Amino acid sequence: MTGMPKYAYVALADRIAADIASGKLPVGARLPGEREATELYRVSIGTWRRTVRYLREERHLVATLPAKGTYVVAAPE
C-alpha cells in the first residue's frame, strides 16, 4: 500500500526515526521540548505529544524522563 496518506504524527515519527538511523540524532540525544518542537516541525502540541508517545510506546526509540525530557535510546532496526 505505497502512496497511502499517513497521519501527521506517523509522518513526523518516520522523519525523526530517519534522523536517528542516519546518526543526526544519536543515542542519548535529547529531542526538542514541546514549544521548540511545535515551531521546528510546524505541528500542533497534540501532534507532537502523539509523535513522542508513538516513538516511545510503539517504536521503542525514545524514553521520557519526567521534568528532564525525551531522549533517543535506540536506533531503528
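The values are calculated or read from the model by the stated rules, or taken from the named source; none is laboratory data. Nothing here was measured: the structure is a model prediction, and the numbers come from that model. Heads up, the Cβs are rebuilt from the backbone with ideal geometry, glycines too, and the neighbour counts pull from every protein chain shown.
Taking into account only those residues within the stretch 36-47 that are without any contact (Cβ under 8 Å) to a residue 24 or more places away in the chain and touching a helix residue (DSSP H, G or I) at 6+ places or on another chain (Cβ under 8 Å), which is surrounded by the most Cβ atoms within 10 Å (Cβ to Cβ)?
ALA37
Quick check: anything in the stretch 35-46 more than 18 Å from GLU77 (Cβ to Cβ), in a helix (DSSP H, G or I) and among the small types (Gly, Ala, Ser)?
yes
Find the residue count for the stretch 6-35, including only residues that are touching a helix residue (DSSP H, G or I) at 6+ places or on another chain (Cβ under 9 Å) and over 20 Å from GLU57 (Cα atoms).
2
Quickly run through the stretch 48-77 and pick out the residues that are under 10 Å from the mean Cα position of the chain (by Cα) and either surrounded by fewer than 17 Cβ atoms within 10 Å (Cβ to Cβ) or charged (D, E, K, R) (or both).
Residues of the stretch 48-77 that are under 10 Å from the mean Cα position of the chain (by Cα), as a first pass: 48-56, 59, 61-62, 70-72.
Passing the criteria: ARG49, ARG50, ARG53, ARG56, ARG59, TYR71.
Restricting the search to the stretch 6-62, which residues are of a type in the set (A, V, I, L, M) and in contact with a strand residue (DSSP E or B) (Cβ under 6 Å, 6 or more places away or on another chain)?
Within the stretch 6-62, ILE20, LEU25, VAL27, ALA29, LEU31, VAL52, LEU55, VAL62 qualify.
Any residue at all in the stretch 16-35 that's of a type in the set (S, T, N, Q), at pLDDT 95 or above and at negative phi?
yes
Between LEU55, LEU25, which is assigned to a helix (DSSP H, G or I), in contact (Cβ under 8 Å) with a residue 24 or more places away in the chain and aliphatic (A, V, I, L, M)?
Working: LEU25 fails: assigned to a helix (DSSP H, G or I).
Answer to the check: LEU55.
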